[in-house]
1. At a threshold of 8 angstrom on Cα-Cα distance, excluding pairs fewer than six apart, so keeping six or more, what relative contact order does the chain reach in percent?
2. Among the trypsin sites (Lys or Arg not before Pro) in the range 264-322, which ones are in a DSSP loop with at most 13 other Cβ atoms within 10 Å of the Cβ? Mind listing them?
3. Rounded to whole Å, give me the distance from the Cα center of the range 233-308 to that of the range 116-132.
4. Select from 301, 132, 73 the residue whose mean-square fluctuation is largest in a Gaussian network model of the chain (Cα-Cα springs shorter than 10 Å).
5. Just how large is the dipole of the chain about the Cα centre, in debye to the nearest 20, putting +1 at every Lys and Arg Cβ and -1 at every Asp and Glu Cβ?
6. Can you tell me which of 230, 134, 180 moves the most in a GNM of the chain? Springs connect C-alpha atoms under 10 Å apart.
7. Once a ≥ b ≥ c are taken as the square roots of the eigenvalues of the Cα gyration tensor of the range 144-233, is the result rounded (a/c under 1.5), prolate (a/b larger than b/c) or oblate (a/b not larger than b/c)?
8. When Lys and Arg each count +1 and Asp and Glu each count -1, what net charge do the other residues less than 15 Å away from residue 312, Cβ to Cβ, add up to?
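The values are calculated or read from the model by the stated rules, or taken from the named source; none is laboratory data. The model shown is predicted, which means the values in this text are computed figures rather than measured ones. Here the Cβ positions follow ideal geometry from the backbone for every residue, glycine too, while neighbour counts run over all protein chains shown. For the accessible areas, the whole protein counts, side chains as well, though only heavy atoms, and no ligand, DNA or RNA atoms are used. Shrake-Rupley method; radii C 1.70, N 1.55, O 1.52, S 1.80 Å.
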Amino acid sequence: MQIVRGIGIAVLSLSVWGGAPASGEEAKPEQLIDALNGVFGAHAKMRAAHTKGICVKGNFAPTPEAASLSKAPQFAAPVPLIGRFSLGGGNPAASDSQKDNVRGIAMHFQLPDGSNSDLLLISAPIFPVKTPEDFVSLLTAVASKDKDKIGAYFKAHPESTKQGAWLKARETPASYATADYFGVHTFYLTNAQGTRQAVKWKAEPVGGFVGLSDKDAEAKGADFYAKELDEQFAKGPVQFNLFAVLGQPGDQDDDPTAEWPADRKSVKVGTISISGLEPAATCDAGIFDPNALADGIEPSPNDKILPMRSQDYAVSFGRRSE
Ligand code: HEM
């Protein structure tokens with residue numbers, strides 16, 4: 001999710017916010033969701049983050065090379081998928097033309113045994129914070145609207161400026177279909193022989209990234225992605241190549257604010273084909289869970305953000321189901 005904008009949009013008073021974790025304490029999932037609500041507002045029946053989105057369906061077809069990396073069933077044979085494109089942040093009226101916001105794609109790969117293996121990607125290779133506690137501090141500073149507090153946060157956490165800078169250095173994606181997407185965290189794949197490999201996920205549109213200049217993006221207004229996607233579906237499925245970027249010994253596996261060196265090799269593991277719309281209720285019936293993974297894919301045990309995300313999303317789901 002993305003926080004850079006939304007400052008000043010539906011900001012709640014801190015009196016409804018659960019408060020920061022005491023120094024040295026771990027942030028609780030409720031504190032994360034309260035802190036998100038503190039910046040973006042709490043919107044009944046809606047996600048606390050990635051609030052604006054479109055539910056879609058399609059399938060994933062693996063390459064022959066995929067099974068050499070992971071024994072997960074989706075890398076052995078094609079599977080159907082349910083997905084959701086979204087804009088980062090918790091503003092249900094976020095603008096599709098906003099440059100310094102991430103686009104997201106979340107997917108349930110629907111496995112033959114009835115379970116899902118999920119994959120959540122955003123349109124930047126990095127996240128603004130290393131720990132849930134930093135995220136609460138950042139959101140709290142932003143919600144305060146106090147320039148000194150916000151400045152003090154970023155001074156103490158220069159890594160939190162990197163995602164916004166990365167997004168601002170590129171054009172705004174012209175469509176959900178023409179953005180490239182990243183898994184951000186490190187995952188470990190295990191193949192049938194028991195070989196383990198660190199990877200980061202990357203999905204590239206088959207036709208390559210297509211962006212809009214700032215002027216053209218502004219002219220498009222706030223709500224052009226849904227129409228754009230419809231037009232794409234009328235021509236055929238929207239397709240992305242999914243790559244596993246291969247980590248090397250010594251590459252960090254604990255820091256979602258940092259990229260690996262640019263020369264890391266990647267293996268194409270399959271094609272994501274999104275063929276059409278799906279009723280929103282299908283996507284809203286549960287969570288896309290970054291830790292719901294088939295045997296053969298594991299989250300990095302060293303990342304502080306990744307394991308917490310399932311609990312954060314469960315709190316958001318519980319509140320939007322009320
Ligand atoms: C502590 C860090 C994070 C927090 C607190 C957080 C919070 C949330 C919340 C509350 C939701 C909505 C859950 C729901 O109601 O179903 C969400 C959705 C999402 N998040 Fe995160 N997130 C975090 C990190 C990340 C990272 C690192 C990524 C990078 C891949 C990411 C990608 C997404 C995507 C793609 C969705 C949309 C899922 C959907 O469409 O239902 N998030 N996040």
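1. On the way: 734 pairs, mean separation 75.4, N = 322.
It comes to 23 percent, rounded to a whole number.
2. Values: sites: 264, 265, 268, 304, 309, 319, 320; in loops: 264, 265, 304.
Sites meeting the loop and neighbour criteria: 265.
3. One Cα centre to the other: 8 Å.
4. Comparing 301, 132, 73 in the GNM, the peak value goes to 301.
5. On the way: 32 positive and 38 negative charges, 90 e Å.
For this selection, approximately 440 debye.
6. Between 230, 134, 180, it is 230 that shows the largest mean-square fluctuation.
7. Details: a/c = 2.86, a/b = 1.08, b/c = 2.64.
Here the range 144-233 falls in the oblate category.
8. Working: positive: 28, 47, 304, 309, 319, 320; negative: 26, 30, 34, 118, 133, 134, 289, 303.
With Lys, Arg at +1 and Asp, Glu at -1, the neighbours total -2.
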